[in-house]
Structures are given as structure tokens and as C-alpha cells.
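Report on one structure; see the data block that follows.
Any read-out appearing in this document is the output of simple, stated calculations on the displayed coordinates, not a laboratory observation. From a predicted model like this one, the values you see are computed outputs, not experimental measurements. All Cβ positions, even for glycine, are placed from backbone atoms using ideal geometry, and neighbour counts span all protein chains on display.
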Amino acid sequence: MENSANYNCIGKNCLVHAHAPPVNTISFTKTNIPSELFTLIICPQNTVLMTKKHRGRIQAQGNGVEKSVTWSQDEPLSREQGKTLLQQLKGQLSEKEHSERAEQFEQAERYIEGANGIPAPERRTFQNRKTRDVRVDIEVLAGRAFIAVAFLVVLYFILN
């Protein structure tokens with residue numbers, strides 16, 4: 001099975017990065033949802049991870065900065081969760097790094113607030129027009145992201 005993600009394991013956690021295959025993958029069907037396919041990943045330190053249906057990341061890049069926050073969960077990411085991740089990313093930056101991306105963070109927040117369940121794959125870049133290098137990226141890698149909380153409640157009752 002081909003896979004374009006690199007799984008780095010630290011203790012019991014695996015972090016996903018793009019472009020290199022994991023050590024070993026096994027596909028299986030989850031018994032209580034027969035139509036849904038999951039991948040079992042065995043990492044080098046014998047750590048096992050079942051990939052989640054909804055995954056993505058928000059990144060601050062450029063001018064020597066490469067910082068990100070990720071999500072990987074069974075239910076779609078809500079708008080509120082997305083805005084919380086955006087705040088967490090801001091917290092990783094120095095004052096200078098944040099000020100270089102202030103407008104891009106505002107654009108990203110407006111994008112999240114206006115979204116209504118963005119399906120994967122989706123990549124949105126908010127670029128600093130002055131530098132062209134400094135930017136904030138949002139990537140929905142699998143599933144959906146930035147849905148209204150009310151929609152989550154309805155989806156929960158439909159699936160259960």
C-alpha cells in the first residue's frame with residue numbers, strides 16, 4: 001500500500017509529515033462501521049497508531065520560521081477548534097514572527113469563520129504580499145474541517 005506520509009514516533013505518539021512512507025502499514029475495516037477503512041501504522045519503536053478520519057495542520061512559514069499545529073480526530077474539526085489551533089500557533093511565535101504574519105492570521109481566522117465544512121484535500125495560503133515568503137497555511141489533509149458546532153450535533157445523532 002502506497003502512503004505519502006512520514007510517521008515519526010515519540011513514545012506513544014506519532015507525528016505525520018509529508019512524502020516518505022511509514023515502516024509498515026496494514027489496512028483493515030473497522031467492525032462497527034464496515035464501510036469505513038482505516039490504516040494501522042506500525043512505527044519503528046513498535047508504536048501503533050490508527051489514523052483518524054479528519055486530519056490537517058495550520059502552519060506559519062517563511063523568513064526562517066517553520067512552525068505548525070495539527071489535528072487528527074474521528075469527528076470533523078469545528079470552527080471553534082480551528083480558531084483555537086490558530087491561537088496555539090500564534091503562541092509558538094515570537095513577537096516579531098507574529099507581527100510579520102498579523103494580517104495573514106486575521107485572513108486565516110476570517111477563512112475559518114466563513115467556512116462551512118471544507119472537504120479534503122484543501123490547501124489555503126495567506127501570504128504576506130511585501131515579502132512573498134512569510135505566510136500562514138491551512139491544510140485539510142483528510143475528512144472535513146471548520147464545520148459549525150450545530151452541524152456536529154446533528155451529525156452525531158445521525159451516525160448513532
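For residue 143, enumerate residues with amide H under 5 Å from its amide H, sequence gap 5+ or separate chain, H modeled in the peptide plane.
55, 120
Is the shape of the range 54-151 rounded, prolate or oblate, going by the alpha carbon gyration tensor and its root eigenvalues a ≥ b ≥ c, with a/c under 1.5 for rounded and a/b larger than b/c for prolate?
On the way: a/c = 1.92, a/b = 1.90, b/c = 1.01.
Taking the square roots of the gyration eigenvalues as a ≥ b ≥ c, the range 54-151 is prolate.
For the range 105-119, just list the computed ³J(HN,Hα) in residue order, Karplus coefficients 6.51, -1.76 and 1.60, θ = phi - 60°, integers in Hz, with x standing in for Gly and Pro.
5, 4, 4, 5, 5, 5, 4, 5, 4, x, 6, 9, x, 5, x
Measure off 7 Å from each Cα along the Cα-to-Cβ vector at residue 124 and residue 88, then give the distance between these two points in nanometres to one decimal.
1.9
Whole-Hz ³J(HN,Hα) for each residue in the range 74-87, computed from phi via Karplus 6.51 cos²θ - 1.76 cosθ + 1.60 with θ = phi - 60°, x for glycine and proline: what do you get?
6, 9, x, 6, 7, 4, 4, 5, x, 5, 5, 4, 4, 5
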